[in-house]
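The next block holds one structure in the form of C-alpha cells; read it before the comments.
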Amino acid sequence: MSDQKLVNLTIEGRPVSVPEGTTILEAAKTAGVLIPHYCYHPGLKIAGVCRMCLVEVEKWPKLAPSCATTVADGQVVNVYSQKALDARKGVLELLLINHPLDCPICDQAGECELQDYTFQEGRADSRYREPKRFNPAEDFGGDVLYVTNRCILCTRCVRYMGDVAGDRALCVEERGDRAHIGIAPDHDLSHPWAANVIDLCPVGALVSKDFLNKARAWELDRTASVCPNCSQGCNVTLEMRDTTLVRMKPRSNSEVNHFYLCDEGRLNYEWVNRADRLETPMVAGKPASWENALAAAGAALKGATAHVVASASLSNEALWLLKQTAGTGKFRVAKGAEAPLPGVPDLALRADRAPNATGAELLGFSRADQPLAGAGAVVVIAGDDCAGLDTGALASAKAVIVLGSVVPAGAPAGAILLPIANFAEEEGTFTNLRGRVQRYLQARPAPGLARASWMALAGLAAAAGKGGVYDSAEAVFGAMAKAEAAFSGLSYDSLGLKGQMAAGARVNA
Amino acid sequence: MAITTRVVERPTDDTSYVRATFKGLALTFKHLVDPHKVTVQYPEEKWDIGPRWRGTHRMLTTEDGKAKCVACGLCPTVCPANCIKLVPSVDEQGNRYPAVFDIDEFRCIFCGYCQEVCPEEAIHLGRHYENAEYDRKDFVYDLTRLTSQTHPVCEMWDPADPRGE
C-alpha cells in the first residue's frame, strides 16, 4: 500500500480516497454507490461498449463512462444528476428496443441487471412502434444456450472466452442492429470453464441448459458453501428450491476462484439430492436407535486397534474426531484430468476429485489405492468412498462400523451402519490443496435420523470413551485448533466465509 | 311497611289487543294482495353480482384449449395465503407450461393479487359463488378444473377508470 498514491475525490457528495489508477466505477463502490453497468466486470478487461455507466464529472464537457475513466484528484462526480440520469435512460430505451418482453419465461428474471436498472432508472413505457427483431435461440454446446433476442451485446462472454478461458470461440457477428454473438466454426462451449459465461451474462441471453425452467431466481434459498468436487475448494453458493439443490454458483473469493467455477464442479450436484439415503442407524441389518448403535460400536472399539478407512470428502472436524476415536488411517481419492483456467493464476479443476485430501493429510491420514487392504478384526469406515473396493478383507473382521450417507455396497451383514449428512446438510470446513481452511454452511436438513458427521463421530468417540462433549461444529473446530498444530490459531470467527491458510500449510508453502 | 299495589289507568287504545291484531293482519293481507318481495327467490332467481366480485378461480385458455399460463411463478410468489402450488415444465416446442397448478380454495383469501400480477392474463378470480362440494379435497382446484370452468371472471378494475380515479 505504501507505494500506492491515494487520490481524493467526491462521489455523490461523499469524500472517497482510493489508490491511483482506480476507475470511477470501482471508487463509487467504496462510497456505497453502485453505478449501473453491463459491459464492465471486475474480472474482465474494460471494453466501454454499453455506455450504461455514464456519469457526470464536474467541469468536464461530456459525460464520462465511469468504468473506463480513472479517478483524478479533486474530481466531483455526480452519478444521479439529471444529465446523467437522462443519458442512462436513453441507453436503456435503446437496449430495450429489440429486447423481448418475455421476462415471465426468462430464467434470468429476478436476477437480471436489465430488469433491475430499467426498474431503477428506465422509462415506464416504450416509444418504439415497429416490430421487434427476432432471431432463433442457438445451442452453443456445453451447458450454454444462447437466446439471441435477449442479448444486449455487452461482450462480457466474448472477452471471458478470449482473455480468461483462452479459447476464442465467441465473437460479435454482423454489425449495427443485426449484431449478435456468434460462435466460431468448429467451436462450441465445451471448454471446461465455459459455463461461467452464464454467470457473467447480465441478462438472460446465455442461460444454463441444466437450470432451464427449473426454478425462478426469487424462489431460491442461498447458502454459502465450498464446492466438493475437487481439491481447489472454489467458493460456491448452494441454491435450493425448497430442499432440492437446483444449482451451484460461484461465490467470489480473490484468493481461490475469483469469480469462476468450472463446469464439472457446477454440474456435479445431483448426488446431493439422491433419495436412496441411509436414514436410520442399523445394527446387523436391523434398524436401531442411535443410543444402541453407538453403544454397540463403542463396545467394539474399546480396547481394540481399529483399521480406519477415512474419506477426503469428510470435513476437518469429522476427520479429527475420527482420529480421536480410532486413530489415523488410509483414504482413497478419486482422480480425474486436471483443467486449468489460463487467465487466472493457480485456478484449475484439480486431479484430486475430493475437497479435503489436504485436510486429511494434515491430520495424519495417508493415501492408499486399496485402503481396505490389511484390515484387522475391527474396521471403521467413514464416508462413502468405498464403493467398488475389494471388500474381501472385511469378511474376516469381527466388527465393521460404517459411517455413511448411503447404504454401503459390500458391507458385511453384521456391520454397524451410522447415517451421516452430506456436505449440504451439515456445517464444517474443508482444507483445499493450498492449505486454505474454508467453511461451508448447512443448506437443508439431513434425511431421517442422519446426523452431521461431526455429531455422529463425537457420539462414537464418547461411546468408545475417548472424546469430549461437543455441541456444535464450531466447538469441535475450536478443540481441534488447540490440539493440532496444523490448525492452530484458527476459529470459525477468524475463518469467516473466505477462509484462512492453515498454519501447517503456511510452513510448507 | 305494608305492600301496596297501585293500579295505573291506561287508555283502552293501548291495552286492547283487538286493534293490534287487525293492524298486523292488515299488513299480511296487503302483502298477499300486492307481493312486494324483498327476498331473492334463490335458486330460481339469482343475485346480480358486481363486475369486481372476487370468487373462486378460473384459468383462461388459448384458442386451442391450453391454459394461457406460462408458469412464470409470479402468482405463487405474490400470494399472501400461499395457496398456489406451481411446478413448471417445458413442452416439445420449448414452451413453458405449468405441469402442476393447484389452488387451495380453502386457503385462498380472494385478494385478487394473482389476477393482478399475472403477465399473461391467465389466472382470474371468478364472478361466481356456488362452491359447495361433497369432499374437502375437491376444494383444491387443479389445472383441469380451473381451465374447464366457464363462469364470468372478475374485472379487477373498471376499464373506463383503470386508475380508480
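Quick note: the coordinates plus some simple rules give every number you see, no bench work behind them. Because the structure is predicted, anything quoted here is derived from the model rather than measured. In this analysis, Cβ positions are derived from the backbone assuming ideal geometry, glycine residues included, and neighbour counts consider all displayed protein chains.
A few comments on the model shown:
- At 1.567 mPa s and 4 °C, Stokes diffusion of segment A:6-95 via Kirkwood alpha-carbon radius, µm² per second: 100
- Only DSSP H runs of four or more residues enter the estimate; each adds -39500 (n - 2.57), and after division by the residues of chain B the mean residue ellipticity at 222 nm equals -6000 deg cm²/dmol.
- The share of C-alpha pairs in segment A:76-175 whose separation exceeds 24 Å stands at 35 percent.
- The alpha-carbon of A:LYS466 sits under 17 angstrom from the alpha-carbons of these lysines, leaving out residues fewer than 8 places away in its chain: A:LYS302, A:LYS323, A:LYS482.
- Taking 19 Å as the straight-line reach from the Cα of B:LYS37, the aspartates and glutamates in range (excluding those fewer than 8 positions away in the same chain) are B:GLU45, B:ASP48.
- Normalising by residue count, segment A:270-391 has a Cα convex hull of 143 Å³ per residue.
- Pairwise Cα distances in the protein assembly as shown exceed 41 Å in 49 percent of cases.
- Counts of other chain beta carbons within 10 angstrom of each beta carbon in peptide A:96-107 average 3.
- Distance histogram for segment A:394-447 (every C-alpha pair counted, 5 angstrom bins, percent rounded to whole numbers): 4, 18, 17, 15, 14, 13, 12, 6, 0
- For q = 0.09, 0.12, 0.18, 0.22 Å⁻¹, Debye-computed log10 I/I(0) when each Cα of segment B:1-113 counts as one equal scatterer: -0.58, -0.71, -1.06, -1.24
- Residues whose placed amide H lies under 5 Å from that of A:LEU347, excluding near-sequence neighbours: A:LEU341
- Ranked by the mean number of other Cβ atoms within 10 Å of their residues, highest first, the peptides B:25-33, A:427-435 come out as A:427-435, B:25-33.
- Whole-Å semi-axes of the ellipsoid equivalent to segment A:343-485 (Cα gyration tensor, √5λ, descending): 26, 21, 16
- Gyration tensor verdict on segment A:130-219 (Cα atoms; rounded if a/c is under 1.5, prolate if a/b is larger than b/c, oblate otherwise): oblate
- Per-residue HN-Hα couplings for segment A:466-471 [Karplus 6.51, -1.76, 1.60; θ = phi - 60°; Hz; x = Gly/Pro]: 10, x, x, 10, 10, 10
- Coupling constants for segment A:422-430 follow from the phi torsions by the Karplus curve (6.51 cos²θ - 1.76 cosθ + 1.60, θ = phi - 60°), and in residue order they are 8, 5, 7, 10, 9, 9, x, 9, 10 Hz; glycine and proline get x.
- Phi-based couplings in Hz for segment A:255-266 (Karplus 6.51, -1.76, 1.60; Gly and Pro marked x): 8, 10, 10, 6, 10, 10, 8, 6, 4, 5, x, 6
- Database remark: amide H of A:VAL407 closer than 5 angstrom to the amide H of A:LEU278 (H placed geometrically; neighbours at sequence offset of 5 or more, or on other chains; Pro and chain starts carry no H).
- For segment A:16-162, the relative contact order works out to 21 percent when only alpha carbon pairs closer than 8 Å and six or more residues apart are counted.
- The H on the amide N of A:LEU54, modeled in the peptide plane, is under 5 Å from the matching H of A:SER66, each at least 5 residues off or on a different chain.
- For chain A, adding -39500 (n - 2.57) for each run of n ≥ 4 DSSP H residues and dividing by the number of residues yields -5500 deg cm²/dmol at 222 nm.
- Rounded to the nearest 5, the antiparallel percentage of DSSP beta bridges internal to the protein assembly as shown is 75%.
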